[in-house]
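Chemist: Below you'll find the structure I mean.
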Amino acid sequence: MTTCYVVDDEQHALVVLSRYIQNTPGLELKGAEENPLHALDAITSGKVSADITFLDVDMPQLSGIDLTGLINSCTTVVFTTAYPDYAYQAFDKNAVDYLLKPISYERFLRAIAKVKEALKPRQIVPAVEQNNAYFFVKADVKGKFVKVSLEDIIYVEAMQNYVVIHHAAERLTTYLSMKEVEEHLPTADFTRVHKSFIVNNAKVKSVEGNQIKLADESTVSLGPSYRTAFLDMINAKLLKSKRVP
């Protein structure tokens, strides 16, 4: 059972989301609160424990953006708002989704599915099943093929009709498309972060804004279209304190 909590200073929004939760199999409503300060106390004190908190952005006394910074170690946040301008700040706070009012039931269900996917523990593939740990590519010398170990790939970069595989030992340029390379990489280990970049998740050193620093000290850009999926991956691996700052 996935537990849910709703925080919104608009009574109508509380009623709508509460009804959606109560009418959806597998969900349990733990409570609904109009006052963000009361919600903060309930969550941080442990009076309310919820897997998902639907949180309005624009509230008096304490905004949803600020409240998220205080509770996101205790619950997964989905923002709800009538204003699309807060989207960047929402995902910067590690919100899993961002719902624009009026919220349809179909869009609500998609948000639930996204959160469940983010909360799902990643499956570890036993070593005996890792039979695709490498592949070969054609090199720039006729008749030469180079072995590429997946664990040694730092990132893949698109370059017109070619791709550059930034490898632990060298940069390999080969006549392939990004789509062809992406289809051969395991999604649990590699993430498309930009139309021109695929990164090895294990080689990500830090993330700041829309810049991703990798193990070889190179930096690649995080594209808007890929931001949500990438931050979901980061959030799934984020070590969070349950203490109130």
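The values are calculated or read from the model by the stated rules, or taken from the named source; none is laboratory data. Given the structure is predicted, the values throughout are model-derived calculations rather than measurements. Please note: Cβ atoms are built from the backbone with ideal geometry, for glycine as well, and neighbour counts cover all protein chains shown.
Chemist: Hey, does the stretch 179-190 have a residue that's among the hydrophobic types (A, V, I, L, M, F, W, C) and more than 19 Å from residue 118 (Cα to Cα)?
Modeler: Initial filter on the stretch 179-190 (among the hydrophobic types (A, V, I, L, M, F, W, C)): 181, 185, 188, 190.
Then drop every residue that is not more than 19 Å from residue 118 (Cα to Cα), which leaves 181, 185.
Yes; the residues of the stretch 179-190 include at least one that is among the hydrophobic types (A, V, I, L, M, F, W, C) and more than 19 Å from residue 118 (Cα to Cα).
Chemist: To continue, here is another question. Of everything in the stretch 191-229, what is assigned to a strand (DSSP E or B), without any contact (Cβ under 8 Å) to a residue 40 or more places away in the chain and in contact with a helix residue (DSSP H, G or I) (Cβ under 9 Å, 6 or more places away or on another chain)? Give them in sequence order.
Modeler: The answer is 192, 193, 194, 204, 207, 212.
Chemist: Restricting to strands (runs of 3 or more DSSP E) lying wholly in the stretch 13-118: which have 2 or more residues that are under 17 Å from residue 2 (Cα atoms), not small (Gly, Ala, Ser) and not assigned by TED's automatic domain parsing to the domain that holds residue 208? Show your work before the answer.
Modeler: Details: elements: 27-33, 52-56, 76-81, 97-100.
Ranges flagged: 27-33, 52-56, 76-81.
Chemist: Would you check which residues across the stretch 30-49 are touching a Leu at 6+ places or on another chain (Cβ under 9 Å) and among the hydrophobic types (A, V, I, L, M, F, W, C) and list them?
Modeler: Result: 32, 37, 39, 40, 43.
Chemist: Considering only residues of the stretch 162-185 that are in a strand (DSSP E or B) and among the hydroxyl-bearing types (Ser, Thr, Tyr), which is nearest to residue 138 (Cα to Cα)?
Modeler: 174
Chemist: Also, quick follow-up: Name the residues in the stretch 19-42 that are under 21 Å from residue 119 (Cα atoms) and in contact with a strand residue (DSSP E or B) (Cβ under 7 Å, 6 or more places away or on another chain), would you?
Modeler: 21, 22, 26, 27, 28, 29, 30, 31
Chemist: Can you name the residue in the stretch 150-198 that is surrounded by fewer than 18 Cβ atoms within 10 Å (Cβ to Cβ) and of a type in the set (Val, Ile, Thr) and is also nearest to residue 215 (Cα to Cα) among such residues?
Modeler: Of everything passing the filter in the stretch 150-198, 164 is nearest to residue 215 (Cα to Cα).
Chemist: Given the structure, is residue 188 in contact with a Ser or Thr (Cβ under 9 Å, 6 or more places away or on another chain), modelled with pLDDT under 90 and outside the structural domain of residue 113 (by TED's automatic domain parsing)? Working first, answer last.
Modeler: Values: in contact with a Ser or Thr (Cβ under 9 Å, 6 or more places away or on another chain): no; modelled with pLDDT under 90: yes; outside the structural domain of residue 113 (by TED's automatic domain parsing): yes.
Spelling it out, it is not the case that residue 188 is in contact with a Ser or Thr (Cβ under 9 Å, 6 or more places away or on another chain), modelled with pLDDT under 90 and outside the structural domain of residue 113 (by TED's automatic domain parsing).
Chemist: Against the condition modelled with pLDDT under 75 and outside the structural domain of residue 25 (by TED's automatic domain parsing), how does residue 131 come out, does it pass? Explain how you work it out, then say what you get.
Modeler: On the way: modelled with pLDDT under 75: yes; outside the structural domain of residue 25 (by TED's automatic domain parsing): yes.
Yes, satisfied.
Chemist: So, of the residues in the stretch 46-64 that are under 22 Å from residue 118 (Cβ atoms) and either more than 17 Å from the chain's Cα centre (by Cα) or among the aromatic types (Phe, Trp, Tyr) (or both), which turns out to be surrounded by the fewest Cβ atoms within 10 Å (Cβ to Cβ)?
Modeler: Checking each candidate, the answer is 49.
Chemist: Would you pick out the residues in the stretch 64-80 that are farther than 18 Å from residue 232 by Cα, out of contact with any strand residue (DSSP E or B) (no Cβ under 6 Å at 6 or more places or on another chain) and touching a residue at least 24 places away in the same chain (Cβ under 8 Å)?
Modeler: 67, 70
Chemist: With the requirement that a residue be under 30 Å from residue 37 (Cβ atoms) and either β-branched (Val, Ile, Thr) or under 13 Å from the mean Cα position of the chain (by Cα) (or both), what does the stretch 196-245 give you?
Modeler: 228, 231, 232, 234, 235, 236, 238, 244
Chemist: Return the only residue of 232, 140 being in contact with a strand residue (DSSP E or B) (Cβ under 8 Å, 6 or more places away or on another chain) and either part of a loop (DSSP other than H, G, I, E, B) or at pLDDT below 90 (or both).
Modeler: After applying the criteria, what remains is 140.
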